[in-house]
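Participant: Before I ask anything, let me first share the structure, which is written out below as structure tokens.
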Amino acid sequence: MGRSRSSSANMWKYMNPSYYLKRPQRLALLFIAFVFATFFFWDRQTLVRDHQEEISKLHEEVMRLQDLLEELKNGRSIAGEKPNFSRSGDDVGKKMNFLDDPVDAQRREKVKDAMRHAWSSYEKYAWGHDELQPQTKNGVDSFGGLGATLIDSLDTLYIMGLDKQFQRAREWVANSLDFNKDYDASVFETTIRVVGGLLSAYDLSGDELFLDKAQDIADRLLPAWNTPTGIPYNIINLSHGNPHNHRWTAGYSILADSASEQLEFIALSQRTGDPKYQQKVEKVILELSRNFPDDGLLPIHINPAGEEVEFVYSTITFGAMGDSFYEYLLKAWIQGNRTAAVGRYRKMWETSMQGLLSLVRRTSPSSFAYIGEKLGDLLNHKMDELACFVPGMLALGSSGYGPDKSQKFLSLAEELAWTCYNFYQSTPTKLAGENYFFGKSQDMTVGTSWNILRPETVESLFYLWRLTGNKTYQEWGWNIFQAFEKNSRIKSGYVGLKDVNTGVQDNMMQSFFLAETLKYLYLLYSPSSIIPLDEWVFNTEAHPIKIVTRNDRAMSSGAGRSSVGQQKSYRRPRSRREGRW
């Protein structure tokens, strides 16, 4: 017991502070030991915490990779994006771009937000009508009450992943869309917006409803082609089938309106197996080719009622009323997958591009390239913003040439895109006017000064970015988008401008703003695997249509008969129920 008490007393001696105050060396050693122990403990805690964070990150990465693997198994894409829309489940993801630029992702989300705003405004104030008037918050039926904005937006909603909105639109198409209307419809506008929009929705979703509706409206348009020459009338009554032309054209047909239905009607024949649609539109090209001029440039008016095709003395232009004819020569060749069966389209397009070179001039002092308009031997130094689709078209078609010509046309495309971008940058609002004039000592001046939310310049920026990888085109597109946000966005949608100099707003949200402008902006900041250009072709309303290889001899032989059964069979994409998602 005595030994135990003595040991206890000695132990408590070391706990007394006075012991160390009398022995400073031991105090110092104790302090050093305390510091080392503290650092050791803190370091171990830090390591444990870092280790836990690292494990957490690795766990999240494993979960993300598991999700990605599951998405790829189900034919889906990465990071919540839409699928890459490949031809079969076997190559889904083969062309995926896994390195998504964070700036692109942020900008893409901003464009998607703009689409949400435009669509929700349409839903709230103009549901089922053709277009929204945002200022007065009501709908108008600019196209006979066919729900133009709704149908025009189907593929944009699908591509952006706005699934709930897409389903609500699909229900309206199923339950409310009725084409039996006593209305004189534009054959061209109805084809590119309604037929094209429905076909694109079908190609993307695989939903047979859209194909059935597309065939319904196309059947109502077909009598317009019942003319002596096969050149269609441009107006038809959807209920009674009575075709005619505008009075202001003196009864003549318009070039763009009559020869820009190939993509939609050929696709319809491929998907339904009924050759009549393809036969009608390919006869137009065959007839035009019989008297095709050496420069490939056609006037905008054609007589449909003569014994043979007669070109009427009128303006030659790549702007309004001429534009999409040249666009569809190239895109019908691409749609057929560039085979001999569609070689005539490419040959005619190349002839027209040689003619286009004769219309190109450059300004002083800045040397902006532009495309003039021609009437007889007179060149009018005017260019529509509508003609700003040309840079994208030239870039898209340049790959079909040899190296020298390819570079020549690609360089011209880049020059013209710079001009079109400056249509925007030259005004106080940074939005382009409808057309521009060019003088000897003045680069460009606005002619018609309104802006109605047109997509053509953004369309060309999209193609040039996809085909060159030059991110400058993304920057230009972003500047244009910001100008739309600043000048055209209001609480109830988007509006155009009556004057790009003053910024005075109009009262219309055009359907093509949702169908084209916002879609091309979204794709400008999306990976190239989203709607790849070797698998899809865009119609002139920006509706992507699946490329199907053609092996028939209709165009190459000039027989005028479509051999739909000889084409590579059309394989529709799997539906969501079958695992698309």
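Participant: Going by the conditions given, is Gly355 open to solvent by less than 20 Å² (accessible area, probe 1.4 Å), touching a His at 6+ places or on another chain (Cβ under 7 Å) and either under 29 Å from Leu431 (Cα atoms) or not aliphatic (A, V, I, L, M) (or both)?
Facilitator: So Gly355 does not fit the description; no.
Participant: Also: For the range 329-348, does any single residue satisfy the condition of being part of a loop (DSSP other than H, G, I, E, B), touching a strand residue (DSSP E or B) at 6+ places or on another chain (Cβ under 7 Å) and open to solvent by less than 40 Å² (accessible area, probe 1.4 Å)?
Facilitator: No: zero hits.
Participant: Can you confirm whether Thr363 is in contact with a strand residue (DSSP E or B) (Cβ under 8 Å, 6 or more places away or on another chain) and open to solvent by less than 10 Å² (accessible area, probe 1.4 Å)?
Facilitator: No; evaluated as a whole, the condition is false for this residue.
Participant: Okay, moving on. Looking at Glu578 and the list (1) at pLDDT below 95; (2) open to solvent by less than 20 Å² (accessible area, probe 1.4 Å), which single condition is not satisfied?
Facilitator: Status for Glu578: all satisfied but (2).
Participant: Let me ask something else. Go through (1) assigned to a helix (DSSP H, G or I); (2) touching a residue at least 40 places away in the same chain (Cβ under 8 Å); (3) farther than 20 Å from Val187 by Cβ; (4) open to solvent by 20 Å² or more (accessible area, probe 1.4 Å) for Glu287 and report which single condition fails.
Facilitator: The failed condition is (3).
Participant: Which residues, taken from the range 490-505, are open to solvent by 10 Å² or more (accessible area, probe 1.4 Å) and either within 23 Å of Thr445 (Cα to Cα) or polar (S, T, N, Q) (or both)?
Facilitator: Answer for the range 490-505, where residues must be open to solvent by 10 Å² or more (accessible area, probe 1.4 Å) and either within 23 Å of Thr445 (Cα to Cα) or polar (S, T, N, Q) (or both): Lys498, Asp499, Asn501, Thr502, Gly503, Val504, Gln505.
Participant: If you check Ser366 against the conditions, is it assigned to a loop (DSSP other than H, G, I, E, B), in contact (Cβ under 8 Å) with a residue 24 or more places away in the chain, in contact with a helix residue (DSSP H, G or I) (Cβ under 9 Å, 6 or more places away or on another chain) and not β-branched (Val, Ile, Thr)?
Facilitator: Here the answer is yes, as Ser366 does meet what is asked.
Participant: Return the pair list, or none, for Cβ contacts closer than 7 Å from residues in the range 116-128 that are within 19 Å of Leu146 (Cα to Cα) to residues that are open to solvent by 10 Å² or more (accessible area, probe 1.4 Å), at least 6 apart or on different chains.
Facilitator: Trp119/Gln165; Tyr125/Lys137; Tyr125/Asn138; Tyr125/Gly139; Ala126/Asn138; Ala126/Gly139; Gly128/Trp172; Gly128/Ser176
Participant: So how many residues does the range 301-328 have that are open to solvent by 10 Å² or more (accessible area, probe 1.4 Å) and β-branched (Val, Ile, Thr)?
Facilitator: Qualifying residue count for the region: 4.
Participant: Here is a further query. What is the one condition in (1) part of a helix (DSSP H, G or I); (2) at pLDDT below 95 that Asp443 does not satisfy?
Facilitator: (1)
Participant: Determine whether Gly392 is over 23 Å from Phe513 (Cβ atoms), of a type outside the set (Lys, Arg), open to solvent by less than 10 Å² (accessible area, probe 1.4 Å) and outside any loop (DSSP other than H, G, I, E, B).
Facilitator: When the stated conditions are applied, Gly392 does not pass them.
Participant: Turning to a different aspect of this structure: Quick check on the range 435-444. Is at least one of its residues among the polar types (S, T, N, Q), free of Cβ contacts under 8 Å to residues at least 60 places away in the same chain and surrounded by fewer than 19 Cβ atoms within 10 Å (Cβ to Cβ)?
Facilitator: No, that holds for no residue.
Participant: Here's something else I'd like to know. For the range 452-489, which positions are open to solvent by less than 30 Å² (accessible area, probe 1.4 Å) and either over 19 Å from the mean Cα position of the chain (by Cα) or at pLDDT below 95 (or both)?
Facilitator: Asn487, Ser488, listed by residue number.
Participant: Those residues that are under 12 Å from Phe484 (Cβ atoms) and under 14 Å from the mean Cα position of the chain (by Cα), I need them from the range 503-519; list them, please.
Facilitator: Phe513, Thr517, Leu518
Participant: Quick check on the range 305-324. Is at least one of its residues in contact (Cβ under 8 Å) with a residue 60 or more places away in the chain, of a type in the set (Val, Ile, Thr) and in contact with a Phe, Trp or Tyr (Cβ under 6 Å, 6 or more places away or on another chain)?
Facilitator: yes
Participant: Does the range 244-265 contain at least one residue that is open to solvent by 10 Å² or more (accessible area, probe 1.4 Å), farther than 21 Å from Leu329 by Cα, in contact with a Phe, Trp or Tyr (Cβ under 7 Å, 6 or more places away or on another chain) and modelled with pLDDT of 95 or more?
Facilitator: yes
Participant: I'd like to verify a number: residues in the range 397-419 that are open to solvent by 20 Å² or more (accessible area, probe 1.4 Å) and of a type outside the set (Asp, Glu), how many?
Facilitator: Qualifying residue count, the range 397-419: 12.
The values are calculated or read from the model by the stated rules, or taken from the named source; none is laboratory data. Small disclaimer: the values here were computed from a predicted structure and weren't measured. No Cβ is skipped: glycine too gets one built from the backbone with ideal geometry, and neighbour counts run over all protein chains shown. Quick note on the areas: whole protein, heavy atoms, side chains included, nothing else; ligands and nucleic acids left out. Shrake-Rupley method; radii C 1.70, N 1.55, O 1.52, S 1.80 Å.
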